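**Student:** The structure follows.
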C-alpha cells in the first residue's frame with residue numbers, strides 16, 4: 001500500500017472529491033484504485049476565508065498500478081508503514097508469578113490490558129470505585145458540595161482523564177506506533193471510530209465511562225483481575241546494606257498482603273499519601289517542575305469566530321480550540337493547557353479543605369463556554385527556597401506548595417467547595433469582582449467572586465496579567481472584561497518524579513515500575529496509555545527472562 005499526504009480539499013468537498021484527488025496524485029484510472037482508507041484528517045485555518053481540509057490516506061492499487069507506483073517519487077508519496085502492534089512476549093504455560101498494577105488510570109489500564117493480552121493474568125488494584133459508582137460520588141461534590149476523598153475526579157476507575165475532554169492527541173515520539181494500539185483498543189471498547197483519523201481526537205466524558213467499562217470486561221475475560229476500593233497501604237521491599245531494594249509484594253488497607261516481585265506504579269498525580277509512603281520506604285523520588293494558575297472561560301462563539309472566521313459553526317469543524325504560549329518579562333512561561341471547547345469547569349479536588357479546578361467536555365462539545373487552564377511554570381527552586389533541602393532530599397515539597405494554594409482557594413471561595421472567581425477586567429485592574437458580566441460560570445458547586453491574587457503567588461499573578469494582554473493580540477477578545485477566571489488549577493502534572501532507569505524500573509528498587517502522569521513520565525491520556533504499554537512490555541520481558 002501507499003501513503004499519500006497533503007491532499008488538500010475545500011471545506012465543503014464531497015467524498016468523490018477525495019477519490020478524484022487520489023487518482024490525480026497517482027495519475028491512475030479509477031479502476032486501478034482498489035480501496036483507500038483515511039489515516040489522518042485535519043484542517044488549515046490560517047486563512048479564515050479559505051479554510052481547507054488536509055488528508056493523509058493509505059491506498060491499495062491494482063497489481064498493474066502497484067508495479068508502476070514503485071517508481072513514483074515525491075515528498076508526499078511513500079510506502080505505508082507497518083503499524084501493526086506486536087507483543088514482545090507470551091506467558092509460558094502454567095505461569096503463576098502474577099504482576100500487580102496499582103492505579104486504573106490510562107497508564108494502569110493499558111499496562112494491565114497488554115499484560116492480560118500476553119497471558120500474564122495481572123492484578124489491578126484501584127483505591128477508588130468502579131466508574132459508574134465513582135461518577136455518582138463525583139456528582140455529589142459538583143451538585144451538593146460533598147467530597148469523598150477516595151472516590152472523585154482524581155481517584156477511581158479511568159483515572160483523572162475520565163472527567164476531562166477525553167483528548168487523545170499528544171506530541172510524544174512514538175516510533176513503535178503504540179499510540180495507534182491505544183486508539184485501536186479504544187475503538188474496540190466502543191469509542192467513536194473517527195478517533196483513528198481526526199487530527200485532534202477526543203471521546204468526551206460520558207462516552208469514556210462506557211469505554212472504560214468495556215476495557216475492564218476485556219481484561220477480565222483474559223484472566224486479569226481488577227479490585228476496586230483496594231488502597232495500597234504499604235510496600236513490602238527488601239533492602240540490602242547499600243539501600244538497593246527488591247519488591248516482594250504490597251499490603252492493602254484491609255491488611256491483605258499480595259506477593260509480587262513485579263509491581264507497576266501508575267498512581268496518578270494526586271496520590272499524595274502514596275508518594276509519602278514511597279518516600280518513607282526509601283524509594284528514590286525527586287521534586288520536579290509543574291505549573292499553576294486558573295481556568296478561564298469565554299463564550300465559545302467568540303473563540304469560534306476568532307479561530308474560524310466565516311466558517312465558525314461549520315459541523316465538520318466543530319467547536320474551535322486554541323493553544324497559546326507567552327514568555328513573560330519576569331522570566332515565567334504562561335501557556336494554555338487542557339483546552340475544553342464547549343465544555344465546563346469542574347471541581348477536581350481530592351482532599352478535604354481544598355479547591356482545585358479542571359475542565360471537561362462531552363463528545364458534542366456543545367456547551368456555551370470554552371474553557372482552558374492558564375498556567376505559569378513553577379520550578380523546585382520556588383518551593384524549596386521556603387521548605388529547605390533540594391529536589392532529592394525534600395521531594396515532597398511541591399505537594400505542600402500545591403496544598404498551600406488549594407487551601408487558600410478553599411478559604412477564598414467560602415470554605416464550602418465553591419471556587420474563587422474574578423472577571424478578567426477586574427483581575428487586570430487589581431480589584432475584586434463584585435458582580436458577573438456576560439460570561440456565566442459553569443463551575444459547580446458554585447463560585448464566589450473575589451480577588452484571585454490572594455490565591456496565587458505574586459509572580460504567577462504578574463505573569464498572567466501580562467499574558468492576558470499578549471493573548472488578546474492573538475485571539476481578539478481573549479482579554480474581554482467579562483471573561484471569567486476561576487481558581488485554582490494546581491494539578492497540571494505531578495510535582496514528584498518516581499525516577500526510573502532504562503529498564504523502566506525504579507532507580508533503587510528492583511521490580512517497581514513507575515509510570516504515567518503520577519511518576520512524572522506522561523502528560524495526558526494518550527501519552528500515559530503509551531507509557532503503560534511500554535512498561536507492560538518491560539515487565540513481560542523481565543518475567544519471561546526470570547522464568548526461563
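**Student:** Kindly state which strands (runs of 3 or more DSSP E) lie completely within segment 231-349 and contain at least 1 residues that are assigned by TED's automatic domain parsing to the domain that holds residue 418 and free of Cβ contacts under 8 Å to residues at least 24 places away in the same chain. Quick ask: steps written out before the conclusion?
**Tutor:** On the way: elements: 232-239, 245-252, 257-259, 263-265, 290-299, 325-327, 333-347.
Of the strands (runs of 3 or more DSSP E) lying wholly inside segment 231-349, those with at least 1 residues that are assigned by TED's automatic domain parsing to the domain that holds residue 418 and free of Cβ contacts under 8 Å to residues at least 24 places away in the same chain span 325-327.
**Student:** Starting from residues that are touching a strand residue (DSSP E or B) at 6+ places or on another chain (Cβ under 6 Å) and part of a loop (DSSP other than H, G, I, E, B), keep the ones in segment 374-414 and report whichever is surrounded by the most Cβ atoms within 10 Å (Cβ to Cβ).
**Tutor:** Ranking the qualifying residues of segment 374-414, first place goes to 395.
**Student:** What are the residues in segment 491-522 that are touching a strand residue (DSSP E or B) at 6+ places or on another chain (Cβ under 9 Å), surrounded by fewer than 20 Cβ atoms within 10 Å (Cβ to Cβ) and more than 18 Å from residue 273 (Cα to Cα), if any?
**Tutor:** The answer is 503, 507, 508, 510.
**Student:** Now, a different point. What number goes with the only condition from (1) in contact (Cβ under 8 Å) with a residue 60 or more places away in the chain; (2) part of a loop (DSSP other than H, G, I, E, B) that residue 482 does not pass?
**Tutor:** (1)
**Student:** Okay, next question. Residue under question is residue 94, and the condition is that it be assigned to a loop (DSSP other than H, G, I, E, B), over 18 Å from residue 22 (Cβ atoms) and at pLDDT below 90; does it hold?
**Tutor:** Spelling it out, residue 94 is indeed assigned to a loop (DSSP other than H, G, I, E, B), over 18 Å from residue 22 (Cβ atoms) and at pLDDT below 90.
**Student:** Mind checking whether some residue in segment 131-142 is in contact with a helix residue (DSSP H, G or I) (Cβ under 8 Å, 6 or more places away or on another chain) and farther than 30 Å from residue 223 by Cβ?
**Tutor:** Yes; the residues of segment 131-142 include at least one that is in contact with a helix residue (DSSP H, G or I) (Cβ under 8 Å, 6 or more places away or on another chain) and farther than 30 Å from residue 223 by Cβ.
**Student:** Something else about it: Out of 244, 210, which single residue is surrounded by fewer than 18 Cβ atoms within 10 Å (Cβ to Cβ) and more than 22 Å from the chain's Cα centre (by Cα)? Spell out the reasoning first.
**Tutor:** Working: 210 fails: more than 22 Å from the chain's Cα centre (by Cα).
The unique qualifying residue is 244.
**Student:** While we're looking at this one, here's another question. Looking at segment 523-541, which of the residues that are touching a residue at least 60 places away in the same chain (Cβ under 8 Å), assigned to a helix (DSSP H, G or I) and touching a strand residue (DSSP E or B) at 6+ places or on another chain (Cβ under 9 Å) is nearest to residue 97 (Cα to Cα)?
**Tutor:** In this case the residue turns out to be 539.
**Student:** Kindly indicate the residue of segment 70-126 that is touching a residue at least 12 places away in the same chain (Cβ under 8 Å) and on the phi > 0 side of the Ramachandran plot and also nearest to the chain's Cα centre (by Cα) among those meeting that condition.
**Tutor:** In this case the residue turns out to be 103.
**Student:** Follow-up. Out of 86, 35, report the one residue that is loosely packed, with under 14 Cβ neighbours inside 10 Å, in contact with a strand residue (DSSP E or B) (Cβ under 8 Å, 6 or more places away or on another chain) and farther than 20 Å from residue 200 by Cβ.
**Tutor:** That would be 35, the only listed residue that is loosely packed, with under 14 Cβ neighbours inside 10 Å, in contact with a strand residue (DSSP E or B) (Cβ under 8 Å, 6 or more places away or on another chain) and farther than 20 Å from residue 200 by Cβ.
**Student:** Would you please name the residue that is surrounded by the most Cβ atoms within 10 Å (Cβ to Cβ), looking only at residues in segment 113-156 that are farther than 30 Å from residue 541 by Cβ and touching a strand residue (DSSP E or B) at 6+ places or on another chain (Cβ under 6 Å)?
**Tutor:** Out of the qualifying residues, it is 141.
**Student:** Looking at the structure I just gave you, is residue 159 in contact (Cβ under 8 Å) with a residue 24 or more places away in the chain, surrounded by 20 or more Cβ atoms within 10 Å (Cβ to Cβ) and within 12 Å of the chain's Cα centre (by Cα)?
**Tutor:** Spelling it out, residue 159 is indeed in contact (Cβ under 8 Å) with a residue 24 or more places away in the chain, surrounded by 20 or more Cβ atoms within 10 Å (Cβ to Cβ) and within 12 Å of the chain's Cα centre (by Cα).
**Student:** Further question: For residues that are surrounded by fewer than 19 Cβ atoms within 10 Å (Cβ to Cβ) and in a loop (DSSP other than H, G, I, E, B), tally how many sit in segment 415-454.
**Tutor:** 14
**Student:** Please specify each residue of segment 140-155 satisfying the condition of being assigned to a loop (DSSP other than H, G, I, E, B) and touching a residue at least 60 places away in the same chain (Cβ under 8 Å).
**Tutor:** Those that are assigned to a loop (DSSP other than H, G, I, E, B) and touching a residue at least 60 places away in the same chain (Cβ under 8 Å): 145, 147, 149, 150, 152, 153, 154, 155.
The values are calculated or read from the model by the stated rules, or taken from the named source; none is laboratory data. Source: prediction; values computed, not measured. Here the Cβ is made from the backbone with ideal geometry for all residues, glycine too, and neighbour counts use every protein chain on show.
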